[in-house]
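Beneath this line is the structure, given in structure tokens, with notes to follow.
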């Protein structure tokens, strides 16, 4: 239930990041954004960075406290750098998303993102049932807040696609008008005609010994067989062969 | 081999996006950035958005053309929206990353990111062996370029971590006899040499008009790029071209 998955940005300093986060969400088909005391919102910079995702900003719910943002949620996860000795379970995005997908079927789930400078405070962490750690570079883990939203939204999108196998098939089949092109693939006969023509041409230009063409022909066949040539490509190749033969005579 | 994984940003309009991309890379422990004709670089906005990842910007390689950026790469992948009726294999990030991790053991691999407004041009797509599609919202697929870098870098980081765990090492060692063969793939330079030779040969045998070779060359390039030619195959093809040219004279 996408409607039950809520992205919560807390005290975000730069409105541009709110806009970027909205865009990140929309590219992954999420639209439920909560803003807890944003420092500047609404703001032109947010709109600019949202690009075509202005509707996510328009529909964003602005509240004063984290408690309000998560009041009706039965699962709250917080994104943070990996911490030692904490009480919360710490999951990677992919593991977290599994649980989010399961639970969001029955109730709202919130994913919290802290400020640019310090992330989630201890009080905010206390609201979380589970922490999500993006496995960043140990020497530089400074993920931009909108980038963190992008990664989580991307994982949610992958989970949604793989869960809804039906939707996925539909997506694939909507991209399937490859069929048209498929039907343009050369047949086996046409392929063999091209290989035979290549052999004659190579004899005509003295590239192969007509008595022992096998080895080279096998290599040429194996090369072209690795792709599925279209009818058009076969025609181009045979056109080149014919031109070379004509010149050779 | 992280050093062999190259992020290539092409004609990026906003320096802030270059900075954000650098930060995205560094959070995931990548550091090999190429910039093809960036519109403004170096730039304060890039430095500001890079936050603590200024070293990635300082070490970025700035070049004029995509060809320079990929000259020594034997595998080139381009990020794009999902397209209908194209001849390239189109992979999701996770699938693409599997191949990138395998191949970067033996040679440089490039991942291309196009401009903010239009993505990769047809000419740039022609340089690619494979396309990567992030599975975005069908109704709003407008992923910011730095966000796309973030997602790819994140997937590369996950792959690296799971490789470190050894599971992947075992997989690689069982598939290791491919290593020799992989290292035989032609580089981009060798490929371009073959295409230039094909062009000369086709002119010599009167197959193409030397003033308007573009359309046909694009088709030939796209055909051979799907094959991923080995060094040996490039030599065979160039041998055939040379024989045809000799006969034509």
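The values are calculated or read from the model by the stated rules, or taken from the named source; none is laboratory data. Since this is a predicted model, take the numbers as computed values, not measurements. Note that we place each Cβ from the backbone using ideal geometry, even for glycine, and neighbour counts take in every protein chain shown.
Name the single residue, out of those in region A:41-75 being over 30 Å from residue B:145 (Cα atoms) and touching a helix residue (DSSP H, G or I) at 6+ places or on another chain (Cβ under 6 Å), that is modelled with the lowest pLDDT. Only one residue fits best here, namely A:75. In this structure, is residue A:176 over 21 Å from residue A:99 (Cβ atoms), modelled with pLDDT under 95 and assigned to a loop (DSSP other than H, G, I, E, B)? Yes. Inspect region B:93-105 for any residue being away from chain A (no Cβ under 11 Å), within 24 Å of residue A:137 (Cα to Cα), in contact with a strand residue (DSSP E or B) (Cβ under 9 Å, 6 or more places away or on another chain) and not in a helix (DSSP H, G or I) and give the result as yes or no. Checked region B:93-105: at least one residue is away from chain A (no Cβ under 11 Å), within 24 Å of residue A:137 (Cα to Cα), in contact with a strand residue (DSSP E or B) (Cβ under 9 Å, 6 or more places away or on another chain) and not in a helix (DSSP H, G or I). Can you find even one residue in region A:145-156 that is in the same structural domain as residue A:40 (by TED's automatic domain parsing) and either in a loop (DSSP other than H, G, I, E, B) or farther than 28 Å from residue B:159 by Cβ (or both)? Checking region A:145-156: not a single residue is in the same structural domain as residue A:40 (by TED's automatic domain parsing) and either in a loop (DSSP other than H, G, I, E, B) or farther than 28 Å from residue B:159 by Cβ (or both).
If the condition is being within 19 Å of residue A:116 (Cα to Cα), touching a strand residue (DSSP E or B) at 6+ places or on another chain (Cβ under 6 Å) and assigned to a helix (DSSP H, G or I), then region A:49-68 contributes only A:66. The one condition from (1) within 16 Å of the chain's Cα centre (by Cα); (2) farther than 20 Å from residue B:147 by Cβ that residue A:157 does not meet is (2). Scanning region B:161-171 for residues that are modelled with pLDDT under 90, under 22 Å from the mean Cα position of the chain (by Cα) and either on the phi > 0 side of the Ramachandran plot or more than 14 Å from chain A (Cβ to nearest Cβ) (or both) turns up nothing.
Flag set for residue A:2, criterion: farther than 26 Å from residue A:123 by Cβ and either within 14 Å of chain B (Cβ to nearest Cβ) or more than 22 Å from the chain's Cα centre (by Cα) (or both).
For (1) more than 27 Å from the chain's Cα centre (by Cα); (2) assigned to a helix (DSSP H, G or I); (3) more than 9 Å from chain A (Cβ to nearest Cβ), each residue gets a yes or a no:
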site: B:199; (1), (2), (3): no, yes, yes
site: B:202; (1), (2), (3): yes, yes, no
site: B:207; (1), (2), (3): yes, no, no
site: B:215; (1), (2), (3): no, yes, yes
site: B:219; (1), (2), (3): no, yes, no
site: B:233; (1), (2), (3): no, yes, no
site: B:236; (1), (2), (3): no, yes, no
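For region B:210-237: of the residues being more than 25 Å from residue A:225 (Cα to Cα) and in contact with a helix residue (DSSP H, G or I) (Cβ under 8 Å, 6 or more places away or on another chain), which is surrounded by the fewest Cβ atoms within 10 Å (Cβ to Cβ)? Taking the candidates together, the pick is B:210. Selection of region B:2-15 for residues being at negative phi and in contact (Cβ under 8 Å) with a residue 40 or more places away in the chain yields B:2, B:4, B:5, B:6, B:7, B:8, B:9, B:10, B:12, B:13, B:14. The residues in region A:108-144 that are in a loop (DSSP other than H, G, I, E, B), under 25 Å from the mean Cα position of the chain (by Cα) and under 17 Å from residue A:69 (Cα atoms) can be counted, and the count is 2. Pairing residues of region B:139-151 that are at the interface with chain A (Cβ under 7 Å from one of its Cβ atoms) and farther than 13 Å from residue A:21 by Cβ with residues that are in a loop (DSSP other than H, G, I, E, B) and at pLDDT below 95, at Cβ distances under 7 Å and at least 6 apart in sequence or on separate chains, gives B:141/B:81. When the residues of region A:238-249 are filtered to those that are under 43 Å from the mean Cα position of the chain (by Cα) and facing chain B (nearest Cβ under 8 Å), the one that is surrounded by the fewest Cβ atoms within 10 Å (Cβ to Cβ) is A:239.
Out of everything in region A:118-134 that is buried (at least 22 other Cβ atoms within 10 Å of the Cβ) and within 14 Å of chain B (Cβ to nearest Cβ), what residue ends up being nearest to residue B:154 (Cα to Cα)? In this case the residue turns out to be A:134.
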